[in-house]
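*Asks:* Before anything else, here's the structure in question.
The values are calculated or read from the model by the stated rules, or taken from the named source; none is laboratory data. Worth saying up front: this structure is predicted, and the values here are computed from it rather than measured. Here the Cβ positions follow ideal geometry from the backbone for every residue, glycine too, while neighbour counts run over all protein chains shown.
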Amino acid sequence: MKIAVVHGPNLRLLGRREPHVYGSATLEEINAALHSLAKELGVELELFQSNHEGEILDFLEGVQPVVQGVLINPGGLTHTSVSLRDGLSGIGLPVVEVHLSNPAAREAFRHRSFVAPIALGTVAGFGENSYLLALRGLMAHLINPTTES
């Protein structure tokens, strides 16, 4: 089994960018923690980061045939990108949205997510652990999918 992990705009700045909001872990440290958990869960990861919406969409289309799900931190695209929402919906794979901080506890413009309505769920506010919780949730769904009404 293989999962795509997408890190959106500005996430290469983790560890330096507003650590009081996003924590002190770098993207490399988060990816290492994800790889460690993936090994424990018996899943492969396809990691990707871009500051460019079109590159993210191209990546998602490219990996669609070879992954079984998507874990995505869309960054600022969460609140602005209908194209990203449509691209995620269009590939027809289970998606889990992840955020280091809790957008609902931040500025009003961060309260709306275009991704959340098409995602299995959203994990937010737990720092780097948000990624790990999201990967566990996505894997649990893939191993034992539940019927939604």
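*Asks:* Mind checking which residues of the range 96-126 are modelled with pLDDT under 85, part of a loop (DSSP other than H, G, I, E, B) and either touching a strand residue (DSSP E or B) at 6+ places or on another chain (Cβ under 9 Å) or more than 19 Å from Ser24 (Cβ to Cβ) (or both)?
*Replies:* Going through the range 96-126, the residues modelled with pLDDT under 85 turn out to be 101-112.
Okay, now just the ones that are also part of a loop (DSSP other than H, G, I, E, B), so 101-102, 106-107, 111-112.
Within the range 96-126, Ser101, Asn102, Glu107, His111, Arg112 qualify.
*Asks:* May I pose another question? Taking Leu93 as the residue in question, decide whether it is under 16 Å from the mean Cα position of the chain (by Cα) and in a loop (DSSP other than H, G, I, E, B).
*Replies:* Values: under 16 Å from the mean Cα position of the chain (by Cα): yes; in a loop (DSSP other than H, G, I, E, B): yes.
The answer is yes for Leu93.
*Asks:* Also, I was wondering about something else. In this structure, does Val67 turn out to be at negative phi, touching a strand residue (DSSP E or B) at 6+ places or on another chain (Cβ under 6 Å), part of a loop (DSSP other than H, G, I, E, B) and of a type in the set (Val, Ile, Thr)?
*Replies:* yes
*Asks:* Now a separate question. For the range 11-24, what are the residues that are at pLDDT 85 or above and either part of a loop (DSSP other than H, G, I, E, B) or out of contact with any helix residue (DSSP H, G or I) (no Cβ under 8 Å at 6 or more places or on another chain) (or both)?
*Replies:* Within the range 11-24, no residue meets the criteria.
*Asks:* Checking the conditions here, which among Val63, Val67 is surrounded by 18 or more Cβ atoms within 10 Å (Cβ to Cβ) and within 17 Å of Tyr131 (Cβ to Cβ)? Walk me through it before giving the result.
*Replies:* Working: Val63 fails: within 17 Å of Tyr131 (Cβ to Cβ).
Residue meeting the stated conditions: Val67.
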